[in-house]
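Values in this text are rule-based calculations from the coordinates and carry no lab data. Model, not experiment: these values are computed from the prediction. Here the Cβ is made from the backbone with ideal geometry for all residues, glycine too, and neighbour counts use every protein chain on show.
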Amino acid sequence: MTQDYKHPIAPPEEVVQQWFAEQRGLSEASRQQIATRAAQWGADQELEACCEWLGARTSLIFPVELRAARRPKSEKQQALEELDGLEANLANYGMVFQTTNIRRALEQLPEKDS
């Protein structure tokens, strides 16, 4: 194996540099955080490749279902999407529903780790 070999799901150099730039003083916790982000990035790349492969071989919604099952959205993300859907559905019937305050409150909620 030559020094030029790069694994297909290795993160691009600019992504690695960004991860290191976000860490100050690289403590053990920081190194763990970078390793975790790298693993997540690689898993996301693999999931997207699988969804792309599956999507090219079927016209069904399997890729969408696979992505949803493997990367579930947070309650905050789900609530914001449901709010978007409510607005769109009401607009289809010519109804206006002000969601500014609800949206602002949802957006201020912290994302919970799963």
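Miscellaneous remarks
- Full-extension gain in nm, GLN23 to VAL64, via 0.36 nm per residue minus C-alpha separation: 11.4 nm
- Per-bin percent of Cα-Cα distances, region 9-72 [5 Å]: 3, 17, 20, 17, 13, 12, 9, 5, 3, 1
- Rounded to the nearest whole Hz, the Karplus-based 3J(HN,Hα) values (6.51 cos²θ - 1.76 cosθ + 1.60, θ = phi - 60°) of region 88-105 follow the sequence 5, 5, 5, 4, 4, 9, x, 9, 10, 10, 6, 10, 4, 5, 5, 4, 4, 5, with x at glycine and proline.
- Longest segment of the chain lacking chymotrypsin sites (Phe, Trp or Tyr not before Pro) that sit in a DSSP loop with at most 11 other Cβ atoms within 10 Å: 6-92
- Whole-Å semi-axes of region 67-114's equivalent ellipsoid (Cα gyration tensor): 24, 15, 4
- If only the Cβ of Lys and Arg carry +1 and only the Cβ of Asp and Glu carry -1, the dipole of the chain around its Cα centre is close to 160 debye.
- A quarter of the convex hull surface defined by the alpha-carbon atoms of the chain gives 11.9 nm² as the mean projection.
- Neighbour-count ranking [beta-carbon atoms within 10 angstrom, fewest first] of SER59, SER30: SER59, SER30
- Modelled FRET efficiency - R0 25 Å, GLU111 with ARG57, Cβ distances, 0.05 increments: 0.15
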